[in-house]
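The structure is given below, and queries will be raised subsequently.
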Amino acid sequence: MKQPFEQAVERHGGTVLRVCRAVLGPGPDADDAWSETFVAALRAWPELPADANAEAWLVRVARRKAIDVIRARARHALPAADLPERPAPGGDPGGEERTVWAAVAALPERQRLVVAYHYLGGLPHAETAALIGGSAAAVRRAAADGIRSLRRAYGAGEYTNGAPR
Amino acid sequence: MTDTTSKTDTTRMTDTTDTTAAEPGLPVAAAASTDDADLFPLETGALDRLRARLVERAGEHGLLDVAYRTIDTPVGPLLLAATQAGLVRVAFEREGFDAVLEALAAKLSPRVLRAPRRLDAVAAEVEEYFAGTRRSFDLPLDYGLSAGFRQLVQRWLPHIGYGKTRSYREVAEFVGSPRAVRAVGSACATNPLPVVVPCHRVLRTDGGLGGYIGGLDAKEALLSLEAAA
């Protein structure tokens, strides 16, 4: 990329933070994953092809960083048989924002990850399916179900837009 | 992309809202963004804190190649950009801050971040200059954006004292190329560090203002500031 990195931070910083929060819960873990994502992205930025989709690339980096955080969390917690991408309790951005992230954290695992990577992160159905398993059609349904229950729990409206494909 | 509303200490490479246009491949990737803002709000200041932390971490990892900020001055907002070596660019708003940043990214490094604190010392000196309390700058300068004769001329310009002026011809003579009057003119016109490297103190032999990257009003304002102080 020949574009100033600041542009990527400005345009995609919010998206990446939402993805990190949906995967890890709001709080220090999500903040750490955001920071690790942008430090790694800054390092790699000059080598990123000029025609790459910067947002999708950042979301993929964010996913890897979130998984790193989950692994580190698992190492410091009780041994677990598998490493589910669950948000940590205790994150608390406070105020209004608390509600939606709590509602996201309460979603079934697959819905939550689909909301993270597809709905918020903008990754296509097929790519999201490859990341979390299942079919593209299942991802589509999980996104619709997830957003519907979030809107029911938190806001008005239905899942009529978002990232359809 | 320039947000001139955040005047005091920042410039933002701002969202042109349609990020999709510039990014082929996933044309609807950002489609959820506007909705996200109401269904998935981020509390005020959350991103600012993370961005400040990113600047720190980038510095620690040696990844902050170009740091910048903007400041307000009597001649309008100025963009200040620095490499690890020193101040590398001062730009007037009329040059287009986004275009300037894109040029810095292309010529120096795309690892460009808005990092106001990194330029506190520079901003303080520039503000003192405009307040009339500073007559020369004491800052590390990076002349890396110019080369050859132009850089030679630009490095010589600080020899013209505060409140003094020289003609393009005199400058040509001082740098040892008396016939290079036009080249001195283009060295001044392409000065990457206006205000700090005082190309505004160079006039035509007949006393005419000549040109100025910040516009003739700005050149006049700087000269009257110095004449009054």
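Each value in this text was obtained by applying a stated rule to the coordinates, not by laboratory testing. On a predicted model such as this, the values are computed, not experimentally measured, just so you know. Every residue, glycine among them, receives a Cβ derived from its backbone with ideal geometry; neighbour counts consider all protein chains shown.
Using the Cα centre as the reference, give the magnitude of the dipole from point charges on the C-beta atoms of the stretch A:1-85 (Lys, Arg: +1; Asp, Glu: -1; all else neutral), rounded to the nearest 20 debye.
Its charge dipole is roughly 140 debye.
Quick one: which residues, 5+ away or cross-chain, put their amide H under 5 Å from the amide H of A:Gln3? H built at 1.01 Å from N.
The answer is none.
Additional query: Determine the distance separating the Cα centre of the stretch A:26-77 from the Cα centre of the stretch A:105-137; give it in Å without decimals.
Between the Cα centre of the stretch A:26-77 and that of the stretch A:105-137, the gap is 17 Å.
Taking neighbour Cβ counts within 10 Å as the exposure measure, how do B:Thr205, A:Thr37 sort from fewest upward?
The order, fewest Cβ neighbours first, is B:Thr205, A:Thr37.
Would you list B:His159, A:His125 from fewest to most Cβ contacts within 10 Å?
B:His159, A:His125
Which ³J(HN,Hα) values, rounded to whole Hz and listed in residue order, are derived for the stretch B:61-71 from phi using the Karplus coefficients 6.51, -1.76 and 1.60 in 6.51 cos²θ - 1.76 cosθ + 1.60 with θ = phi - 60°, glycine and proline given as x?
Values per residue, Gly and Pro as x: 8, x, 9, 8, 6, 9, 10, 9, 7, 10, 9 Hz.
Still on this structure, please answer the following. With unit charges on the beta carbon (Lys/Arg positive, Asp/Glu negative), name the residue among B:Ala180, B:Leu209, B:Val196 whose Cα is farthest towards the positive pole of the charge dipole of the stretch B:148-228.
Working it through, the farthest residue towards the positive pole turns out to be B:Ala180.
Using amide H atoms built in the peptide plane, which far-off residues or other-chain residues are under 5 Å from B:Val202 H to H?
Result for B:Val202 returns B:Arg166.
A further question on this structure: Considering amide H positions built from the backbone, and no H for Pro or chain starts, which residues 5 or more places from B:Val88, or on another chain, come under 5 Å of its amide H?
B:Ala81, B:Ala82, B:Thr83, B:Asp142
Something else: Pop out the ³J(HN,Hα) list for the stretch B:107-117 in order, Karplus 6.51 cos²θ - 1.76 cosθ + 1.60 with θ = phi - 60°, rounded to Hz; leave Gly and Pro as x.
Those phi angles translate into 8, 9, 5, x, 7, 10, 9, 6, 9, x, 4 Hz.
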